[in-house]
Amino acid sequence: PEQLVTAELRPLPDTPALRARGKVLYETLQCGQCHGPQGRGDGPAAATAVDDQGQSAAPLDFTVGLYKGGSSPEDVYRTFVTGLDGTPMPSYGDSLPKEEDRWALVHYVRSLSRSPGIFRWLFGPRTPWE
């Protein structure tokens, strides 16, 4: 996986077909167990997720559109391939050996984001990592 991080990434274009494939992968990889079926961070395993220190670590709500490892397609790709050290987010590099599948999952997860609302515009982001 290290070479995947240092190599120049060439994102596949976001298409409806790729998003549909990403949705299937999201379900197959059971991402919804933590992140919930609609990506709101409310999956059945969310309440018991802990970090490496044993502290509660709520899964990310994808619908907010802000991600711990960065929000660009390349950032989300890197997070999927390498995981997030210290968090319950594992690496999916071995589970997603096909480049197309990786980008499909990236585009699907990013599609779950909703547009920032008036409160976000007025008060800014409200997550601890921003």
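The values are calculated or read from the model by the stated rules, or taken from the named source; none is laboratory data. No experiment lies behind these values; they were computed from the predicted model shown. FYI the Cβ positions are ideal-geometry reconstructions off the backbone, even for glycines, and counts take in every protein chain you see. Just so you know, the surface numbers come from the protein's heavy atoms only, side chains and all, with ligands and any DNA or RNA stripped out. Shrake-Rupley method; radii C 1.70, N 1.55, O 1.52, S 1.80 Å.
Structural remarks
- Scanning the stretch 87-114 for residues that are open to solvent by 30 Å² or more (accessible area, probe 1.4 Å) and farther than 16 Å from Gly39 by Cβ gives Thr87, Pro90, Ser91, Asp94, Ser95, Pro97, Lys98, Glu99, Glu100.
- Across the stretch 1-21, the qualifying residues are those that are open to solvent by less than 70 Å² (accessible area, probe 1.4 Å) and touching an Asp or Glu at 6+ places or on another chain (Cβ under 8 Å), and the one among them that is modelled with the lowest pLDDT is Leu9.
- The residues in the stretch 37-58 that are assigned to a loop (DSSP other than H, G, I, E, B) and either among the β-branched types (Val, Ile, Thr) or in contact with a Ser or Thr (Cβ under 9 Å, 6 or more places away or on another chain) (or both) can be counted, and the count is 8.
- For the stretch 48-60, residues that are free of Cβ contacts under 8 Å to residues at least 24 places away in the same chain and at negative phi total 4.
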